[in-house]
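We did not get these values from a lab; they are worked out from the coordinates using the rules stated. As the structure is a prediction and not an experimental result, all values here were calculated from the model. Note that we place each Cβ from the backbone using ideal geometry, even for glycine, and neighbour counts take in every protein chain shown.
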């Protein structure tokens, strides 16, 4: 037996495959990982502390900056928590607008996830092809909200605006086109022999472990655990839509990737149904809420399903115009908690594959 | 069979005499009974998913309130469990042995709020620098800048 | 008329220098040939970078470089110009001599190899009788240079990359040589011109298809192209052995990659695609043009591979090399031997 020496490798914070400023302190034996210590906080901006000196409405843009790839979902979670605190009833049309813009956000985020994942594995073309469809999604969101990434579209009690003229038809048209594009990715990435060899049986996450470690989103569902908040405890109007929750079998990187892929097809179903239903609804897109928000004393916790997992907002009010405490349960952050054990025994190339398959967003990890 | 959060909270209120149940269907547990209660919650009631763990600082009452949101994957509901810690001696048993998901969340609470979780395997600062002084989410934390 | 263009130039030069003693005359002509090859490689490397970016662009639903010069043709020249102007950063822990030597030497094996490559009829600078052996021997030297670069950088990523490079060379050189053995068995010569002449009627791609596949895969791996670009692996090792290089030192590695590709494509063309021989009797197109056409077709295929496939993992690479390619190439030699025996026995 050859005696080998272990050494440390700083994987990041400046590294193309950490998807931001994330650092992994790897202890390697040759190319094999012996131990990995995830170190985060390079993008910590103290959003929770900042929120304590802002009014309730002013916090909405801060939530954008967490997962800026699916900003609408971040807004949505926050406003739901405040609405629960205040007991505001959201108009039906606003709920539909939230679903459509939220699902488009989720789509944009998943497109980035699969695109960057193919880049992590080494296929550059998948990345740019996914960006092509994301660009269309961004254009649609821009037309609706005026902004590409930091949407700030949700308002406490509803959404900022109604859909512009003809926008819903554009979304509908895009949704008609999208299945072909997803087939294209499936052909280029999912079906690829090398891609499958690289991702199958790599970074296996057992369902018990995933539940125990509070892992959520496609990462949890890739392990075969059927827990999607949209189905498990439908918030908003999700109980009105007919869709499936894609599940994986083995809990390896491929299953996690494939879950996102199949989830995109479900997004199409949801959005198409929402568009069909919203056309019959007339009414305001925002409830009557006072100009100055002063929720009653108390606290509220609300969670929704974002593209990365469960985002939860815990808001405490002391009866003033500013929240007493805001805490965000960030899916990317908690999903990383098991990373060390997941990486052990794999090669450096697998580190990239496993980290990419969890689909983290550093703005959210570091908050 | 318990099918929703309200029913579970009611049931818990009957079973454990040391807990306090409030009207928002959340449960308040004394800190010394926390582990025992949580273990029972996981083993007997199938609350297997620790969604959220955080803390809030109440200097006026000289306490930290630690909040746990625990879900059941199977039935899909969430209950809120709260416990209070003395502000002068912020020590609380870690729930990491029960739910691994507490791993990073407790590190975060320790980092930003300064509550020490005894029994946590690796309680180190996670977001801030290792040699940072103070815990910024405490209400008495002095910070420069800001809007005031 | 164009057929003998370059041969004619060489002869003209020779007669122009007729007054000089024969040795000096030959030496000057050889020098001119080598300079011509050098220029050819550099221009080609520049052009190939551009071609690569254009091919990538069209494969990825975008346009690619289109601003500098007509259709963006001068883009790479501009890039190289920029890189020349940039500082070459040498950080304090490098082995400075080796560190700077590596980018200087990186072109050497490639240039040496080109000396024996016949670009057209009578157009090899030197038509050695052990040309193929020479080529194989020199071509694998580039690994040493990658190793030098990785080691001298004193960077763990670079070290990992260069160690991968050595492992890859060891496990892919073997099937490559064994695959060529089938060709050599048929021709019975290591001389380039003999190998090409033997393909007068049938290209070896048809008589030795398995050898072609093995050789093609191994040579893609030898020039570190995706899906075998583990040495660079920008998403894992942040460009591997050349992470620490900047400015022109980096550009040398970058261009050398394309020069290596050129060698690989030239070898595939010579060994399996009939070299400069014109197919279907289309010999109104000069032989050297045929050579380039074939070479660029191979190049295009390699580029498409790069922009289609993800990167293979290092253990899979080794496994594929030793468990698939080596046995397959051995089997190919065996089958070729039997085939030749039968062929001779029948006496076609």
query = How high is the relative contact order of chain B, in percent, with contacts defined as C-alpha pairs under 8 Å that are six or more residues apart?
reply = 18 percent
key: Number of partner chain Cβ atoms within 10 Å, mean per residue of A:329-342   = 3
message = Using a 7 Å offset from Cα along Cα-Cβ at residue B:31, what residues in region B:57-85 end up with backbone N under 20 Å from the label point?
response = B:57-69, B:81-85
task = Take the alpha carbon gyration tensor of the protein assembly as shown, find the square roots of its eigenvalues, order them as a ≥ b ≥ c, and report rounded if a/c is under 1.5; if not, report prolate when a/b exceeds b/c, else oblate.
result = prolate
ask   = What is the calculated FRET efficiency for residue A:344 to residue C:282, with r their C-beta to C-beta distance and R₀ = 45 Å, to the nearest 0.05?
value = 0.15
task = Quick one: order C:222, A:364, A:89 by neighbouring beta-carbon count within 10 Å, fewest to most.
result = A:89, C:222, A:364
key: Cα gyration tensor shape of chain C, rounded if a/c is under 1.5, else prolate or oblate by comparing a/b with b/c   = oblate
ask   = How high is the relative contact order of chain A, in percent, with contacts defined as C-alpha pairs under 8 Å that are six or more residues apart?
value = 27 percent
remark   = Partner shielding of B:65-75, as the mean number of partner chain Cβ atoms within 10 Å, equals 4
task = Can you tell me the order of B:50-58, A:40-48, A:72-80 when each peptide is scored by its average per-residue count of other Cβ atoms within 10 angstrom, highest first?
result = A:72-80, B:50-58, A:40-48
ask   = Hey, what number do you get for chain A at 222 nm if only DSSP H runs of n ≥ 4 count, each worth -39500 (n - 2.57), divided across all residues, to the nearest 500?
value = -14000 deg cm²/dmol
key: Residues residue C:104 and residue C:24, FRET efficiency given R0 of 30 Å [Cβ-Cβ distance, rounded to 0.05]   = 0.55
message = Neighbour counts of other C-beta atoms within 10 Å: give me A:366, A:180 arranged from fewest to most.
response = A:180, A:366
request  = Compare the peptides A:99-111, A:200-212, B:113-125, C:254-266 by average per-residue count of other Cβ atoms within 10 angstrom and give them in order, highest first.
outcome  = A:99-111, C:254-266, A:200-212, B:113-125
Over chain B: helical MRE at 222 nm, DSSP H runs n ≥ 4 each giving -39500 (n - 2.57), nearest 500 = -7500 deg cm²/dmol
note = Inter-chain shielding metric for C:308-321, i.e. average beta-carbon neighbours from other chains within 10 angstrom, reads 6
note = Under a Gaussian network model of chain A whose springs join Cα atoms within less than 10 Å, the largest fluctuation of A:50, A:229, A:85 belongs to A:50
key: Computed label-point distance, nm, for sites residue B:10 and residue B:88 using a 7 Å Cα→Cβ extension   = 4.2 nm
inquiry  = Using the basic label-point model (7 angstrom from Cα toward the beta carbon), what is the residue B:21 to residue A:14 distance in nanometres?
reply    = 5.8 nm
query = If r is the Cβ-Cβ distance from residue A:320 to residue A:161 and R0 is 45 Å, what FRET efficiency results, to the nearest 0.05?
reply = 0.95
key: Tilt relative to chain A, helix A:124-145 - C-alpha long axis, 0 to 90 degrees, to 10   = 10 degrees
message = Explain nothing, just the number: relative contact order of region C:87-346, from Cα pairs under 8 Å at least 6 residues apart, as a whole percent.
response = 26 percent
inquiry  = Quick check on the exposure proxy: order A:293, C:101, A:119, C:271 from fewest to most C-beta atoms within 10 angstrom.
reply    = C:101, A:293, A:119, C:271
note = Between the alpha carbon centres of region C:108-180 and region C:72-102 the gap in Å comes to 22 Å
key: Label-to-label distance, nm, for residues given as residue A:176 and residue C:90 (7 Å Cα→Cβ offset)   = 6.5 nm
task = Go ahead and estimate [θ] at 222 nm for chain C from helices alone: -39,500 (n - 2.57) per DSSP H run with n ≥ 4, summed, over the residue count, rounded to 500.
result = -21500 deg cm²/dmol
request  = Calculate how steeply helix B:102-113 sits against the longest principal axis of the alpha-carbon atoms of chain B, using the helix alpha-carbon long axis, and give the answer as 0 to 90 degrees to the nearest 10.
outcome  = 40 degrees
request  = Kindly express, to the nearest 10 degrees and within the range 0 to 90, the angle between helix B:5-15's C-alpha long axis and the longest C-alpha principal axis of chain B.
outcome  = 80 degrees
